[in-house]
Every structure is written in C-alpha cells, then in structure tokens.
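Just below is one structure, and these are the notes that go with it.
What follows is calculated from the coordinates using simple rules that are stated; it is not laboratory data. The model shown is predicted, which means the values in this text are computed figures rather than measured ones. Here the Cβ is made from the backbone with ideal geometry for all residues, glycine too, and neighbour counts use every protein chain on show.
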Amino acid sequence: MNAVTERDVDARDVERFLFHEARCLDDPDRWDEWVELFTDDGVYWIPYSRAEQDDLDMPSIVREDKVLLAVRFARLRHPDAWAQSPQTRACRLVGNVMVDGRDAATGDLVVRSTFQMLEFRADKTIAYGGWAEHRLVEGGPAGWRIRRKRVDLISGDGVYEEIMQALP
Amino acid sequence: MHAAIDVAAPLEGRQTWSADRIRALVEPDRVHRSVYTDPALFELELERLWNRAWVYVGHESQIRQPGDYFATEIGRNPVLMSRHTDGSVRVMFNRCTHKGVMVARARAGRVKNFVCSYHGWVFGTDGALKGVPLADGYEGTPVRAGNPDFGLMPLPRVASYRGFVFASLSADGPSLTEFLGPAAVGIDDMVDRAPDGEVEVYGTCARTIQHANWKFFFENQLDGVHAGITHRSSTEAARKVAASKYADPAQVPREVRMFMAQEPPEPKSVWVKLNSSNFRYGHGFLGGYQEHRGDDPVTTEYEALVKRKLGEEEGERILARSLHHTVIYPCLSIQSQFQQLRVIKPLGVDRTLMEIWHFRLKGAPQAFQRRNMIIANMVNTPATIISCDDYENWYRAQTGLQARAQDWVSIHRDHGRDRVEGDVVHSRVGTSEAFQRNQYAAWAEYMAREA
C-alpha cells in the first residue's frame with residue numbers, strides 16, 4: 001500500500017462520495033445510479049466472515065458484478081416480487097471514513113469506513129452493522145467509481161431473522 | 001372415514017391429541033390446518049417424530065482431527081459430534097452431568113477435553129468423565145471418573161452413511177440404511193460426483209429463519225408448480241437485464257440464464273416432464289432434472305475427468321443421474337448436482353431454522369467448483385433474491401391458516417394418478433402433489449404411534 005498525500009486526494013471529497021453512494025442506495029429512484037457508480041469490471045462482495053480473502057472460490061452472502069446487481073434491483077422493482085409487498089425501506093449511516101492509501105499494484109484508492117444500516121419491512125426493523133472497504137478509481141459524474149466494495153457484517157456468519165433485501 | 005371426529009375441538013392448543021384425532025388430520029387429498037398451527041401438536045412432533053427419526057448431525061469432514069467438535073441440535077436437544085482420540089466419531093448430549101450446563105458453547109472448535117464452565121468437570125472427547133475438582137467430596141457417591149452414568153450421555157443410536165453422520169434419540173427403529181432406503185441416492189449422487197470419491201464441507205454455513213412451520217419447507221422442495229409463479233420477479237428481472245445488455249443471447253452468463261430459466265406452470269413446462277419418487281418415512285426426490293449437463297468447456301472438462309477416473313460406463317451412469325432435490329424427511333434436502341445441503345431445525349410451531357451447507361467435490365476442476373458455488377451464492381444465501389419469495393409464501397401460509405373459516409389444506413393435485421410399486425409412490429408428472437401426500441402419510445404414521 002502506498003501512502004497518499006493531501007494534494008493527491010482530499011479525504012473530505014472521498015467521504016462525500018461515500019455519503020453520495022449511501023444516498024443512492026437509500027432512494028429506490030436512484031438504485032440504477034448506484035449500480036452505475038461501479039466500473040464495468042466492478043464487484044460488490046459480502047463475505048460470510050472477516051477472515052475470508054477469496055471471493056471466487058468460497059461461498060459468499062453476496063458476490064455480484066454489475067449485471068447481477070442490475071438483476072437484483074430489477075427484481076426489487078418487479079410488481080410480483082412477493083417479498084417486496086410491502087416494500088423494504090432502508091437507511092445507511094456511514095462514518096469513520098479513512099483513506100488508507102493506494103493499492104501498490106492497481107493504484108486504486110483504498111478507503112475504509114464503518115456503517116450501520118436499518119432495514120424496515122412489514123412493521124419490523126432489523127439493524128445491520130459492519131465495515132466497508134472501497135477500492136476507488138477517479139472518474140464518472142460523482143468523481144469516483146467503485147472497482148470493488150467489500151462489506152463485512154459483524155453478524156456475517158450469524159442467524160438471519162429475515163432474508164436481507166437491502167444492500168449495505 | 002374420520003368425518004365423525006371434530007378434529008379442531010375443543011380449542012386448539014388445549015386438546016389432547018389421541019391417535020384417532022391425529023390420524024383424522026391427514027386425509028388422502030387434504031391436511032388439517034392444525035398440523036401447521038397447533039402448538040401442542042408441535043410439542044408432540046418433537047417427541048414422536050424428531051426424537052424417533054434419524055436426524056442429520058453433520059459431516060465427518062467437519063471434525064477431521066481428534067478433539068474437533070461440532071455443536072448442533074436434534075429437536076430441542078443440544079448435541080455434540082466429536083472426533084475421539086481413537087479416530088471414532090461420537091455423538092453425545094451437550095450437557096454436563098452435574099448441573100446440565102452445555103460443555104461446548106461455540107458451534108465448532110478443537111479441545112483436549114470438554115471442561116464444564118461452571119464447576120470444572122472434565123470429559124474426554126468420547127464423553128467419559130475424567131475428573132472433577134475436590135473429588136474427595138464425592139467419596140462414597142457414584143460420582144467418579146469413568147462411571148458411564150456421569151459421562152456425557154451418548155445418543156442412543158449413531159450411524160454414518162458415506163461420511164454423513166445421523167443420530168437418533170430412539171433406541172429402536174429401522175437402521176440408518178433401512179431408514180434412508182432408496183433416498184440414499186441423494187447422498188450417493190453428491191459423493192459419486194467427486195472425481196476423488198469424497199466430498200468435504202467448505203466455507204461458512206448460512207443460517208436463516210423461516211417464520212413458518214417447518215413442514216412448509218419440505219412441501220416446497222419437490223414442488224414443480226411454484227417456481228414460475230413464486231420466482232417470477234427474478235426470472236423476469238433477469239430476462240429484462242439480459243435483453244438490455246446482450247445483443248447475442250449466447251453471451252448471457254450462465255448464472256443469469258439460470259435466473260431466467262424458471263418457466264410458468266404450462267403444460268409444456270420442463271417441470272411437467274419430471275416426476276417424483278416417494279418412499280417410506282416421507283422421503284422422496286424429483287427426478288429428470290438435467291440442468292447440470294451441457295457441452296460448455298467447464299462441464300466438458302469435468303465430465304471427461306469423471307469418466308477417466310470411473311470408466312466411461314460408470315462415469316456416464318453417475319453423470320446422467322438427474323435429481324433436482326432429494327428430501328430426507330424430516331431434516332434434510334440435498335441438491336446433489338450443486339453440492340448443497342439444507343438442514344431444517346424446528347424452533348417453534350411457526351419458527352424454523354434453515355442451515356445451508358456447501359460441499360466441495362474432491363478432485364473436481366476449480367472452474368467447475370466455482371460455477372456451482374455461484375449458484376449457491378444466487379439461491380442459498382441470507383441475501384438471496386430467490387428463496388426470499390419462498391420464505392414470504394410460507395409466512396403468508398402460516399398466517400393465512402389462522403383463519404378459522406376453512407380447516408383444510410389441499411393436496412389434490414394429480415391425486416388418484418400416482419403409480420404405486422411396493423413401498424414406492426411414483427408421481428405421473430413433476431407437478432403432482434404426490435410427494436406431499438407421501439410426506440403427510442409418514443407424518444401421521446409417526447405421530448399416531450404412542451410411546
């Protein structure tokens with residue numbers, strides 16, 4: 001990992017990008033915009049455990065490229081998505097944003113943050129929390145694109161009271 | 001023929017369930033709603049069904065080294081599967097013989113001994129009591145190292161079928177092989193597909209709660225009608241995305257095509273062409289499902305390897321097996337083509353835990369493993385866009401069945417057209433409810449039999 005300087009990257013600018021991302025996920029009208037924040041080879045990954053390093057050869061809670069993410073959101077909007085009647089609402093709080101540096105091999109900006117997500121459906125609210133690691137590249141209308149987002153839930157290998165419909 | 005018995009009276013949950021009353025809950029083509037909703041019947045199920053049947057405990061690959069253990073439950077009983085120092089697999093109650101404290105709290109681990117967290121009683125990996133602190137206080141009492149009465153109590157019966165460990169709380173009953181009967185093919189199919197003849201558990205087991213009675217899951221497993229309706233949203237979403245992103249349909253990735261594949265329940269649907277075979281004790285499988293064959297490079301490489309290892313004829317016999325799901329009632333559903341095992345645990349009349357275990361085929365090429373894992377990631381996770389709609393249905397059914405207006409649930413589909421061969425009931429079509437009729441016949445047999 002290579003260090004970043006103030007001149008190279010404005011940490012507040014990165015933080016604003018993560019807030020923007022959370023806002024897109026919070027708003028069903030902006031889900032497509034969220035998918036478009038990813039690079040064409042972008043990957044969204046939720047492993048079962050923090051120790052997991054291998055997204056291709058080990059089972060995951062979510063391991064999706066842009067195409068599968070698009071399918072996920074198209075389903076959420078489908079009138080016959082039975083588990084979406086009533087609909088899920090979710091909000092995300094992102095904090096502790098730290099720019100860790102640049103990946104020495106790819107040059108991607110490595111950003112770590114902590115999140116809490118509340119998911120509400122059918123009169124029941126479920127709390128999720130954990131850490132995110134973003135690998136970002138410069139570009140796109142929002143200033144950055146996501147090459148890879150890894151989400152580690154503190155409850156990753158726990159029992160799920162409901163199937164998670166919202167993504168952190 | 002039991003019409004004279006008012007099965008729902010007096011008030012649900014407070015009545016005594018005599019054998020006659022229980023038998024009256026299951027008719028050839030319908031089931032009384034109480035089997036899903038009555039808390040007293042659920043308690044009876046724990047005693048008469050879960051404590052009698054062979055119940056899956058775990059796979060031997062979870063406990064490779066002496067001292068490795070896996071903690072699980074059979075019904076409400078906390079149990080431990082452990083690898084003893086002599087290499088044997090032991091299954092015993094996870095309960096200290098002093099005050100009843102669980103000796104293992106983590107779901108899995110490795111120990112030299114099991115040491116109780118309360119007063120420090122020490123048990124070997126075979127459950128034998130090895131020592132207690134302040135032993136002189138027990139002089140003249142039966143509490144002493146080696147007394148089997150004070151060892152962790154072994155389950156009355158334990159047996160393994162090709163590495164899959166089952167236990168029964170009942171000292172009598174059919175052997176595991178007799179119990180599994182022809183449904184053992186579900187396990188055979190999982191193991192035989194491994195080029196090196198062995199499978200192992202890998203990754204983390206996914207655990208999700210169904211807010212519904214446990215029996216809905218098994219009614220769904222071999223149901224060929226629901227897919228095109230329940231999962232319509234993901235099918236149509238995948239079709240829409242594929243059409244917008246790929247000009248050439250051949251370029252659509254396999255996982256997206258699998259989402260797209262669920263057909264509506266029409267006479268020409270692939271589901272109609274399948275058929276279920278149903279066995280004693282409620283087991284069964286849906287056969288004729290060929291999703292796993294193909295001439296793509298990944299499948300070709302894998303199939304060539306299997307045939308090289310097993311010979312052309314034996315290899316083809318195994319590759320041609322076409323099981324969709326195999327149900328081992330009341331605890332397991334095996335998706336052998338994709339190496340998935342779903343374990344069902346009843347928590348309450350309207351609350352069920354499902355565990356999803358992933359298996360790796362030893363000796364299979366990486367690309368093949370990877371592809372099967374992608375299917376697990378789509379269908380069998382706590383964030384799946386497929387099973388969430390199944391869970392929703394079962395919740396709706398559990399809630400809908402609270403209605404006192406109508407007491408019966410239909411299992412009429414294709415009734416009267418099953419083909420019976422000895423102990424085996426074959427459905428005519430893959431959309432038949434024959435397997436549900438068979439499950440409930442087994443259910444009534446367990447439940448009406450008093451101690």
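For the pair B:E178 and A:N2, label points projected 7 Å from Cα toward Cβ lie 7.3 nm apart. Counting only other chain Cβ atoms within 10 Å of each residue's Cβ, the peptide B:389-395 averages 4. A Förster distance of 41 Å, applied to the separation of the beta-carbon atoms of B:E316 and A:E133, puts the FRET efficiency at 0.35. Of all aspartates and glutamates in the structure, the ones whose alpha carbon falls short of 15 Å from that of B:K130, not counting any fewer than 8 places away in one chain, are B:D149. Each peptide in A:13-19, B:256-262, B:321-327 receives the mean, over its residues, of other Cβ atoms within 10 Å, and ordering these scores from highest gives B:321-327, B:256-262, A:13-19.
Taking a threshold of 25 Å on the Cα-Cα distance, which of the pairs A:K149/B:K245; B:K268/B:K345; A:K124/B:K345; A:K124/B:K245; B:K273/B:K307; B:K240/B:K268 fall above it? Beyond 25 Å between Cα atoms: B:K268/B:K345; A:K124/B:K245; B:K273/B:K307. Counting only residues at least eight positions apart within a chain, or on another chain, the lysines with an alpha carbon under 16 Å from that of B:K309 are B:K362. For peptide A:52-63, the mean count of partner chain Cβ atoms within 10 Å of a residue's Cβ comes to 6. Isolated cysteines in chain B, defined as those with no second cysteine Cβ under 4.7 Å, comprise B:C205, B:C331, B:C388. Judged by the mean number of other Cβ atoms found within 10 Å, the most tightly packed of the peptides B:404-412, A:158-166, B:60-68, B:244-252 leads the ranking A:158-166, B:60-68, B:404-412, B:244-252. Hey, what did the stretch B:55-168 get for relative contact order, percent, Cα under 8 Å, at least 6 apart? With pairs under 8 Å counted, the relative contact order is 25 percent. Within the stretch B:415-446, report the trypsin sites (Lys or Arg not before Pro) that DSSP leaves as loop and that have at most 12 other Cβ atoms within 10 Å. Those satisfying the criteria are B:R417. For the pair A:L118 and B:R144, a Förster radius of 41 Å applied to the C-beta separation gives a FRET efficiency near 0.15, rounded to the nearest 0.05. Comparing A:P79, A:P59, A:P47 in a Gaussian network model of chain A where C-alpha atoms under 10 Å apart are linked, the largest mean-square fluctuation is found at A:P79. Near B:D418: Cβ cut-off under 12 Å, other residues only, Lys/Arg at +1 and Asp/Glu at -1. The net charge is +1.
The three principal axes of the Cα atoms in the stretch A:17-155 give end-to-end lengths of 46, 32, 31 Å, sorted in falling order. FRET efficiency for the pair A:S85 and B:S244, taken as 1/(1 + (r/R0)^6) with r the Cβ-Cβ distance and R0 = 25 Å, rounds to 0.50.
A DSSP coil position with no more than 11 other Cβ atoms inside 10 Å describes the following trypsin sites (Lys or Arg not before Pro) in the stretch B:95-174: B:K99, B:R105, B:K112.
Projecting label points 7 angstrom from Cα along Cα→Cβ for A:D29 and B:R257 puts them 3.9 nm apart. Where in the stretch A:1-26 does the label zone of A:A105 land, with the point 7 angstrom along Cα→C-beta and an amide N cut-off under 16 Å? The answer is A:1-2, whose backbone nitrogens lie closer than 16 Å to the label point. Taking 7 Å steps out from each Cα toward its Cβ at B:E421 and B:K309 produces label points 3.0 nm apart. Each helix, a run of at least 4 DSSP H residues, gives -39500 (n - 2.57); summed and divided by the residues of chain B, these come to -8000 deg cm²/dmol at 222 nm.
Can you compute the label reach from B:R162? Point 7 Å from Cα along the Cβ direction, backbone N cut-off under 15 Å, restricted to the stretch B:276-297. Correct set: B:285. Per-residue mean of foreign Cβ neighbours for B:233-244 is 6 (Cβ atoms of other chains, 10 Å radius).
Between the alpha-carbon centres of the stretch B:358-420 and the stretch B:233-264 there is a gap of 21 Å.
If you filter the stretch B:50-134 for chymotrypsin sites (Phe, Trp or Tyr not before Pro), then keep DSSP loop positions with at most 13 other Cβ within 10 Å, what is left?
B:Y118
Mean separation of Cα pairs under 8 Å and 6 or more residues apart, divided by the residue count, gives chain B a relative contact order of 20 percent.
Shape class for the stretch B:55-168, computed from the alpha carbon gyration tensor (a ≥ b ≥ c): prolate, with a/c not under 1.5 and a/b above b/c.
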